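Reading through the structure tokens given below for one structure.
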Amino acid sequence: MSDPQKELRAAWDDLISSLQSARDAVDQPQLMPAPPNARNLAEGYRYLMGFVHSAVERAFHEDPKRPHFRNALSIINRATIDNADAIYFFAPIDGRERTWIRGRAEDAREWRGEDPPTSGRKAPHYVIFEASSGVLAGDSGDLRELQPGVKTQTGRLDSSSIQVDADGSFEILLAPEKPADYTGNYISTRKVVQHPHPQQPDMPPERYANYISGRQLFNDWQNEDAIHLEIHQEGAEADQPAPYGPERAAAELRRCGEIVRGQMHFWNAFWTILMGTYGPRPGTMPGIGFPRNAFNTINAASGATGGGMSTNLYAGGVFELEDGEALIIENRIRRKPQYIGFQIGNLWGESIEYANSIGSLNGTQSEVDADGVIRLVIAHRDPGVPNWLDTTGHREGFLTPRWAYSETPPPEEWPSIKATKVRFDEIRKYLPAETRTVSQAERNEQIRVRQQHVQKRYRAF
């Protein structure tokens, strides 16, 4: 680099230019943002800054030789209709090398299908690790990243199969091949694909993972504790990074801006075109586009649907409610999944506030009616019944149920879900006669538990 000062200033200017382009995705119609009412615009800037936050971490602090886990999404950067029950974690890795993950869980008997303990601390209800090759969803800024073969999952392991020692400790080997004499937890970081890369046809058929990601899902927010995960590349302990210099700094400045721009542009296009949030258009996926006050066809997670947790079944839609209206959701379960969740989000894909209001409910937090149906009520104000989801005043927003199965059941055993719009003052007509009344004191206690758990989940030390 002949003139470091000049080059770094140029890189800074490129960063700012990318951020300006990302900012345009908040309110420029050609970039397909959420409708420009006052609240959407305000939340759009918060949403943008969430991507700035994660881009700074990723651009300046990623090192696959010396990896460490970070939150992919959190209360600071909510996006992609994030699951309020989840810690989303990821770390860059070099899939050609051996990498180890270690952790220790509290009581994990639920992982084996046993009844949870009646007292004491518990492991997260469900945990999954997924090794993948390709960009993180949205980084490219281009919907073509969803083409089959652009991204490849090389291996995965979830809590139904994780071997855990008596004290809750476990370790997982990530490697291109499983050693012949190794019998422990293992995730492959290499996969040979059968079809050429759609955008890079000369790429060899071997795909090596460049990141490991996953979820820790919480059902019982009061008693389940997050697992602290450690990760290191085998043999890299004594290999120190090169001194930081202008060339690397310039590259990281540019990458920071490119990540933010890519994420903002990609997800706007994803919601508007593929999911048909504002009405079907060319490119909207048949049967998968989001209807209003209803749900699309339940589908398994895939690249075409923006990725997601690979053991999930998803459905989606958009609620559209006036002041005197409510939406009653009926969730019928045929085969019990490892996890049941329901979240609502704003039209940027930010989860509705889930610590200080009730923007999500899972299988433990929801009450099940005598006929086995989980009935949820989405409304702008508290109807005094169980299973209320608070829109926090949003007239429109995303509906996102999730069901996790370690082994995807046949479609005839998938759950079913439907929505019915009703008048707010007639909610109880659509609920079982025995539906109880929830007091304000009980609602306050729900919030207290949620606040306490979220503070602990995302603590900084």
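The values are calculated or read from the model by the stated rules, or taken from the named source; none is laboratory data. Predicted model, so just to flag it, every value in this text is computed and none were measured. Because the Cβ atoms are built from the backbone with ideal geometry, glycine has one as well, and the counts that use them run over all protein chains shown. Remember, those area values only see protein heavy atoms, side chains included, never the ligands or the DNA or RNA. Shrake-Rupley method; radii C 1.70, N 1.55, O 1.52, S 1.80 Å.
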Please determine whether any residue of the range 77-98 is modelled with pLDDT under 95 and small (Gly, Ala, Ser).
no
Checked pairs for the range 53-73, first under 17 Å from Arg261 (Cβ atoms) and free of Cβ contacts under 8 Å to residues at least 60 places away in the same chain, second open to solvent by 60 Å² or more (accessible area, probe 1.4 Å) and not in a strand (DSSP E or B), C-beta under 6 Å and 6 or more apart or across chains, list as His53/Ile76
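Yes/no matrix, rows are residues, columns are (1) surrounded by 15 or more Cβ atoms within 10 Å (Cβ to Cβ); (2) of a type in the set (S, T, N, Q); (3) part of a helix (DSSP H, G or I); (4) out of contact with any helix residue (DSSP H, G or I) (no Cβ under 6 Å at 6 or more places or on another chain):
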{"site": "Ser2", "(1), (2), (3), (4)": "no, yes, no, yes"}
{"site": "Pro33", "(1), (2), (3), (4)": "yes, no, no, no"}
{"site": "Glu43", "(1), (2), (3), (4)": "yes, no, yes, yes"}
{"site": "Ser54", "(1), (2), (3), (4)": "yes, yes, yes, yes"}
{"site": "Arg66", "(1), (2), (3), (4)": "yes, no, no, yes"}
{"site": "Ala84", "(1), (2), (3), (4)": "yes, no, no, yes"}
Here the residues within the range 437-461 that are outside any helix (DSSP H, G or I) and either within 19 Å of Ala86 (Cβ to Cβ) or open to solvent by 90 Å² or more (accessible area, probe 1.4 Å) (or both) are Thr437, Tyr458, Arg459, Ala460, Phe461
Checked pairs for the range 111-132, first without any contact (Cβ under 8 Å) to a residue 60 or more places away in the chain and open to solvent by 70 Å² or more (accessible area, probe 1.4 Å), second charged (D, E, K, R) and not in a strand (DSSP E or B), C-beta under 9 Å and 6 or more apart or across chains, list as Asp115/Arg109
Within the range 121-166, the residues that are closer than 29 Å to Phe218 by Cβ, more than 16 Å from the chain's Cα centre (by Cα), among the small types (Gly, Ala, Ser) and assigned to a loop (DSSP other than H, G, I, E, B) are Ala123, Gly134, Ser159, Ser160, Ser161, Ala166
Does Met275 count as crowded, with 19+ Cβ neighbours inside 10 Å, without any contact (Cβ under 8 Å) to a residue 60 or more places away in the chain, closer than 22 Å to Trp348 by Cα and within 19 Å of the chain's Cα centre (by Cα)? yes
Within the range 220-248, restricting to residues that are aliphatic (A, V, I, L, M) and not in a strand (DSSP E or B), the one that is modelled with the lowest pLDDT is Ala238
task: Kindly indicate whether any position in the range 344-356 is under 28 Å from Val449 (Cα atoms), part of a strand (DSSP E or B) and not β-branched (Val, Ile, Thr).
output: yes
Of the residues in the range 262-303, those that are of a type in the set (D, E, K, R) and touching an Asp or Glu at 6+ places or on another chain (Cβ under 9 Å) number 1
Within the range 372-409, of all residues that are small (Gly, Ala, Ser) and outside any loop (DSSP other than H, G, I, E, B), the one nearest to the chain's Cα centre (by Cα) is Ala404
Flagged pairs (Cβ under 9 angstrom, 6 or more apart or on separate chains; first in the range 433-448, of a type in the set (Asp, Glu); second open to solvent by 50 Å² or more (accessible area, probe 1.4 Å) and outside any helix (DSSP H, G or I)) are Glu434/Ala370
Exactly one of Gly349, Gly345 is out of contact with any helix residue (DSSP H, G or I) (no Cβ under 8 Å at 6 or more places or on another chain), of a type outside the set (S, T, N, Q) and open to solvent by less than 30 Å² (accessible area, probe 1.4 Å), and that one is Gly345
Any residue at all in the range 191-203 that's buried (at least 19 other Cβ atoms within 10 Å of the Cβ), modelled with pLDDT of 95 or more and touching a Leu at 6+ places or on another chain (Cβ under 6 Å)?
no
Condition set within 16 Å of Ile288 (Cα to Cα) and of a type in the set (Lys, Arg), scope the range 395-429, selection surrounded by the most Cβ atoms within 10 Å (Cβ to Cβ): answer is Arg402
Residue set Glu407, Glu413, Glu396; condition at pLDDT 95 or above, closer than 30 Å to Ser160 by Cβ and acidic (Asp, Glu); output residue Glu413
The residue that is farthest from Arg39 (Cα to Cα), considering only those in the range 358-387 that are touching a helix residue (DSSP H, G or I) at 6+ places or on another chain (Cβ under 7 Å) and open to solvent by less than 10 Å² (accessible area, probe 1.4 Å), is Val385
